[in-house]
Amino acid sequence: MKKKNKKELFTKTIDELRKSLAEKRDELFLARQDLAQNKLKNVRSIFWKRKEIAQILTEIREKESAEKEELIKNAKNV
């Protein structure tokens with residue numbers, strides 16, 4: 001994933017990240033099907049799609065943990 005695309009992940013909300021995650025998983029599924037049918041020319045694309053999925057999942061987890069920490073902090077202040 002290019003740096004520009006990586007920066008876009010930081011600006012997206014959790015719901016938008018989940019939608020893009022579903023899209024990437026569908027793309028990976030189709031790429032694996034193409035590989036099985038010998039239609040895929042660039043086998044390395046499967047690696048890159050898996051890497052993009054991992055980056056999206058990491059960003060989702062970071063945002064969720066940040067939200068939890070914020071809730072805990074607000075609960076202690078009350």
With a ≥ b ≥ c taken as the square roots of the eigenvalues of the C-alpha gyration tensor of the stretch 2-47, please select rounded if a/c is under 1.5 and otherwise prolate if a/b is larger than b/c or oblate if it is not? oblate
Let me check against my output: what whole-number percent is the relative contact order of the chain, with C-alpha pairs under 8 Å and at least 6 apart? 40
About its Cα centre, the chain carries a charge dipole, from +1 on Lys and Arg Cβ atoms and -1 on Asp and Glu Cβ atoms, whose size in debye to the nearest 20 is 460
Taking +1 at the Cβ of each Lys and Arg and -1 at the Cβ of each Asp and Glu, which of Ser20, Val43, Leu9 sits farthest along the dipole of the chain towards its positive end, judged by Cα position relative to the Cα centre? Val43
Distant alpha-carbon pairs in the chain (separation over 16 angstrom), percent: 58
Expected output is a single nm value to one decimal: the length gained when fully extending between Arg18 and Lys68, i.e. 0.36 nm times separation in residues minus the C-alpha distance. What is it? 16.2 nm
Build a GNM of the chain with springs between Cα atoms under 10 Å: which of Lys39, Lys24, Lys51 gets the top mean-square fluctuation? Lys39
Using only Cα atoms, find the angle between the long axis of helix 44-77 and the longest principal axis of the chain, and express it within 0 to 90 degrees, rounded to the nearest 10. 10
Taking Cα atoms, the helix 14-36 axis meets the longest principal axis of the chain at an angle in degrees (rounded to 10) of 20
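Every number in this text was worked out from the coordinates using simple rules, so none of it is lab data. Values in this document were obtained by computation on a predicted structure and should not be read as measured data. All Cβ positions, even for glycine, are placed from backbone atoms using ideal geometry, and neighbour counts span all protein chains on display.
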